[in-house]
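All of the numbers you see were taken from the coordinates with simple rules; none came from a lab. Note that the structure is predicted; figures quoted are calculated from it, not measured. Cβ placement follows ideal geometry from the backbone for every residue including glycine, while neighbour counts extend to all protein chains displayed.
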Amino acid sequence: MAILSLHDVCVTYRSSGKDVHAINHVSLDVEKNESLGIVGESGSGKTTLIMAILRLLNPKSTTVTGQILLDGEDILTMPDERLSEIRWQEMAIVFQKAMNALSPVHKVGKFIGDLYRVHVPKATNAEIRSRIEETFELVNLPKRIYDLYPHELSGGMLQRVSIAMSLILDPKLLIMDEATTALDVVTQNQILEEIKHLEEERGITRIMITHDMSVVASSCKNVAVLYAGSLMETGPVEKVLVEPIHPYTQGLVDSFPTFATDTHEPLKSIGGSLPNLADLPKGCVFAPRCPKACDICFQTPPEMKEYPGGRRAACHLAGGASHEE
Amino acid sequence: MRQYIGKRLLTAVLCVFLALLFNFIIIHAAPGNPIRILAGTDSVSEEMVAELTTKYGLDSPLYVQFFRYVGNLFKGDMGVSIYTGQPVAKEIMTRLGPTLLLCLTSCIIALVLGTLLGIFCARHAGSLLDTLLGSVSYFFDSTPSFWLGLMLILLFASTLHLLPTSGMVSLRAPAEGFARVLDIMKHMVLPSLSLSLTLIPYYFRIARTSVIQVGNEDFITTLRAAGMREDRIYRKYVFRNAILPVVTVFGIQLAYIVSGSAIVEIVFSWPGMGSYMMTAITRRDYPTLMGIYFVISVSVAVMMIAVDIVYTYLDPRIGRGSGK
Amino acid sequence: METKREKIRRAFRGNPQLRVGMVMLLVLLVVAVFANVLSPYDPYKLSNDLVSAPSSAHLLGTDHLGRDVLSMLLYGAKVSLMVGTISALIAAVIGTLLGGVAGFFGGKADTIFGGFINVFMMMPTFFLILIVVALFGSGMVKVMVVIGLTSWVGNAKLMRAQALSLRERTFIKSAEAVGESKLKILFRHVVPNGIFPIIANTTMGVASAILTESSLAFLGLGDPNIISWGQIIQNGKAYFLSGWWICLFAGLAIIYTVITFYLLGDGLNRILSPKLRGV
């Protein structure tokens, strides 16, 4: 059963000049308890997608079409009271720069407590404190953090506080936006392990936004590849990253050096840069940079097609296209 | 925290001392012999000049004069005005009150109004009102306070006869009680308006930018994603964080505000230290000049330290001991 | 890669401040340079029309000596521009030097600098200017130097921040490794690369220098031999209840000029940080 379902979601930023098409016809399902990693370059629309799912985009300047179903309910058409209810209780978010994930002038405990009180207004201070301390324990944080200010904590501790904060109302869906990018590798791995453990224990489904393939490879069940606001490929991690269907995914995988990479060769990367989102190309959005592009790629946008093993990809050349060794 | 305040105090003392020293040197290096000015004409007998010079201690070497002066300062003696013969300290103190009254009132009005307007415009950024207020702010930012004062007098006092044109109290003023306070307040409207209107744009800009920046921070998005109501977010979290740069700027601007008030005092014949300074300059009244500058330096230093202390309470990252 | 033209166009996009500021500056420059051609009268010429209201003969009226206000304002533009620019430039040079040295060399130089700045910020500099100008004479040069000597703090802080961050850049470190003297690196690499925010700040400094100069002139401490807007207001003060046009138009001229430089400085800042655009 899909806990989160996106059907043909489009996000457009309206501006006085041209409209910017940040997300184009994205459809994907996130199965319960199957963590999903959304991968893409900077500017591919990852954060916009998250903001759309959380319904935090400014309606005065953005248009969101399509459906976003959380456990069957459409977030986009939900009445405001219901939206406030599900916020944080059903889905929560953890941000990247943990330093500014908390108010610098308020103590950690006070901030999280305030968050808690939005949904449990009758809770007493003692109840709130013990609940927060419980959550701290889950992420291996000492209780005294409650009385400290954010600037008194290290990067790793701050990240853990952010995670604890997101778990405080036992959400079903947890979205992590580049949450470990700012950490050193050792701490990053530690935290990823702890998160995976928590997910299993508490039945949380995680969506992880990142540009770091290795994080996805080591901690997610499924992966979705996003480029310039369009989905290129989705599927189980071990299949997509080992045998990518889409040339863009192939490019991403190739650009990550491994221990087997010949150190005398220059690093591979995908040439060119992102298209102008206000002026999208006619055909496949990746065609200008694709090493395998041919005529049809520049004429018509490819449709998302199903492939064996629960995989999907949007490429004219798939199912017959050879992949590099 | 104590360490931080201690450092600021040291800076303040150093500043006042240096200001005094610098002041002293400049005043005594300037052309124009005060004795001759006092005497009125150049054709005064040499004995007369010599006598007066010794009387005012102007014949000792400069450094001796300086240390004698500093020594006296500790006793609360700022010397005697060359012009009036009265103790400088007494004269200045009667003028300190009106200056502080005008300064602080204008400051607070500018700070409060500027910040409120800035917050409002930040929340409605891009709207017509925002653009309008921004342009008006630009205009007042570029306006000389003395000119504004003159125009306000023209409009409200002279043409509309709503408010008095100058001074702090009316000629037939009630001597005390609430009526006197009211009278003073009536006289203070135009001067403090001239000063505040030119200060507001600065706080408006800082507050507006600060609120917009804080509004884009992750923790604000988190609060929204958690379902907290917009005005609670603004009141408790945006405001408390955005106010910090405004307070910082306020502290930095204090010296500037004091200068601005001096000019306004002159336009409105407000009996404060600014207008007094002008008279002292024309008369080359050294002791009075030194005294005024000293008192102003000390006042500014005291106010800056007060603002610093307030800031350490607002921002836990500064001053308070941190513990990991 | 962008061509120069594309770069310029990008600087102006979404930057109405810069565009409007440039237009206003152009008008000012034309007025300043061609004042003698544009003025209907010789501004020094006295006439018998004392304190006469704006009319077809004298578009902005006359002052207490019968001089044409419009002509005086046009001639005054040159003075204001010159005083403002030179004072701001002096402040820029001092600030860049002190800030650059403090930021680049660090250590003791920086600590002294920090203390110096703190002390300077506490000083009511306008009173200092008053005293200096009043006692030492009020020639234009003195006024410009004094204003420059008291308004360098902002530039110094900016340059220091720039020097601090540039110090860590690879191209600076390689210059050091190659053996270039530190002073040479400071002047040849650090300053030119970090100068842009100081340019923007100095532009705004011109605006505040003009305000300061007009305040001095208003207090009777400006150069008595030249026509300056503040001085016009000072002269007009005695008559302003009956001859309000003298003060009014001179003030408007000051406001116009100050707005011009504020807009320019603001626009320049926006080129540097595109995030500010549209705000």
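When both bridge partners sit in the protein assembly as shown, DSSP labels roughly 65% of those beta bridges antiparallel. Adding -39500 (n - 2.57) for every DSSP H run of four residues or longer, then dividing by how many residues chain C holds, sets the calculated 222 nm ellipticity at -23000 deg cm²/dmol.
Per residue of B:6-17, count partner chain C-beta atoms within 10 Å of its C-beta, then hand back the mean as an integer.
On the way: counts 0, 2, 2, 0, 2, 7, 3, 0, 5, 7, 3, 1.
Whole-number average of other-chain Cβ neighbours for B:6-17 is 3.
In segment C:17-109, what chymotrypsin sites (Phe, Trp or Tyr not before Pro) fall in a loop by DSSP, with at most 14 other Cβ atoms inside 10 Å? Qualifying residues, ordered by number: C:PHE34, C:TYR44.
Our coupling estimate for segment B:191-204, obtained by passing each phi through the Karplus curve with A = 6.51, B = -1.76, C = 1.60 and θ = phi - 60°, is x, 6, 5, 4, 6, 4, 4, 7, 8, 3, x, 5, 5, 4 Hz, Gly and Pro reported as x. Helical runs assigned H by DSSP (4 residues or longer) give chain B a calculated mean residue ellipticity at 222 nm of -24500 deg cm²/dmol, each run adding -39500 (n - 2.57) before division by the residue total.
Counting only residues at least eight positions apart within a chain, or on another chain, the aspartates and glutamates with an alpha carbon under 17 Å from that of A:LYS305 are A:ASP8, A:ASP29, A:GLU233, A:GLU243. Treating r as the C-beta distance of C:VAL27 and A:GLU85 and R0 as 56 Å, the FRET efficiency rounds to 0.40. This ranking places A:ASP8, B:ASP141 by how few other beta-carbon atoms lie within 10 Å of each, fewest first, which gives A:ASP8, B:ASP141.
Annotation: aspartates and glutamates with alpha-carbon distance below 13 angstrom to A:LYS122 (same-chain offsets under eight excluded): A:ASP114.
Taking amide H as placed 1.01 Å from N in the peptide plane, C:ARG67 has its amide H under 5 Å from the amide H of C:SER47, each at least 5 places away in sequence or on another chain. Its Cα gyration tensor gives segment B:100-187 an equivalent ellipsoid, and the semi-axes of that ellipsoid, as √(5λ) in whole Å with the largest first, are 32, 17, 11. Straight-distance candidates among the aspartates and glutamates for linking to A:LYS292, with alpha-carbon spacing under 14 Å and chain neighbours fewer than 8 residues away dropped: A:GLU324.
For segment B:1-22 versus segment A:29-84, the spacing of their alpha-carbon centroids is 56 Å.
Return the FRET efficiency for the residue pair B:THR165, B:PHE120: r is the Cβ-Cβ distance, R0 is 30 Å, and the value is rounded to the nearest 0.05.
Efficiency, from the Cβ-Cβ distance: 0.35.
Could you sort out which of A:LYS18/A:LYS46; B:LYS7/C:LYS108; A:LYS107/A:LYS143; A:LYS32/A:LYS221; A:LYS18/A:LYS282 sit more than 19 Å apart by Cα distance in this structure? From A:LYS18/A:LYS46; B:LYS7/C:LYS108; A:LYS107/A:LYS143; A:LYS32/A:LYS221; A:LYS18/A:LYS282, over 19 Å: A:LYS18/A:LYS46. The ranking of A:THR135, B:THR99, B:THR159 by Cβ neighbour count inside 10 Å, starting from the fewest, reads B:THR159, A:THR135, B:THR99.
Once the C-beta distance of C:ASN48 and B:ASP231 is scaled by a Förster radius of 60 Å, the resulting FRET efficiency is 0.35 to the nearest 0.05. Here chain A is described by how far its Cα atoms reach on the three principal axes: 67, 49, 38 Å, from widest to narrowest.
Only helices enter this figure: runs of n ≥ 4 DSSP H residues, each worth -39500 (n - 2.57), summed and divided by the residues of chain A, yield -9000 deg cm²/dmol at 222 nm to the nearest 500.
May I ask for the Kirkwood hydrodynamic radius of segment A:53-201, worked out over all distinct Cα pairs and given in angstroms to one decimal?
By the Kirkwood definition, the hydrodynamic radius is 16.4 Å.
Were the residues from B:LEU182 through B:ILE26 laid out at 0.36 nm apart, the gain over their Cα-Cα distance would be 52.0 nm.
Exposure proxy shown here: for A:LYS46, C:LYS142, C:LYS237, the number of other Cβ atoms within 10 Å sets the order, fewest to most, as C:LYS142, C:LYS237, A:LYS46. I need the P(r) histogram for segment B:217-324: all alpha carbon pairs, bin width 5 Å from 0 out to the longest distance, whole percents. P(r) over segment B:217-324, rounded to whole percents: 2, 10, 14, 13, 13, 11, 9, 8, 7, 5, 4, 3, 1, 0.
Put a dot 7 Å past the Cα of A:THR181, heading toward its Cβ, do the same for C:VAL93, and the two dots end up 4.6 nm apart. Using a cutoff of 8 angstrom between alpha carbon atoms and counting only pairs six or more residues apart, the relative contact order for segment B:207-324 works out to 24 percent. Extension gain for B:VAL70-B:TYR313 works out to 84.0 nm (0.36 nm per residue, less the C-alpha to C-alpha distance).
Between A:LYS268 and A:THR63, the distance separating the two model label sites (each 7 Å from Cα on the Cα→Cβ line) works out to 4.0 nm.
Determine the distance separating the Cα centre of segment C:101-158 from the Cα centre of segment B:78-146; give it in Å without decimals. Value for the Cα centre distance between the two parts: 23 Å.
Across the protein assembly as shown, Cα-Cα distances exceeding 58 Å account for 24% of all pairs.
Taking 0.36 nm per residue of sequence separation and subtracting the Cα-Cα distance, how much length would be gained by fully extending the chain between C:LEU272 and C:SER242, in nm to one decimal?
Values: separation 30, 0.36 × 30 = 10.80 nm, distance 4.81 nm.
That works out to 6.0 nm of additional length.
Here each label is just a point 7 Å from Cα along the line to Cβ, and for C:SER56 and B:ALA306 those points are 6.0 nm apart.
Per-residue mean of foreign Cβ neighbours for C:207-215 is 3 (Cβ atoms of other chains, 10 Å radius). Centre-to-centre, using Cα atoms only, segment A:252-299 and segment B:233-275 are separated by 56 Å.
Sparse packing (at most 11 other Cβ atoms within 10 Å of the Cβ) combined with a DSSP loop state is found for none of the trypsin sites (Lys or Arg not before Pro) in segment C:145-192. Beta bridges per DSSP, both residues in segment A:146-289: antiparallel share near 55 percent.
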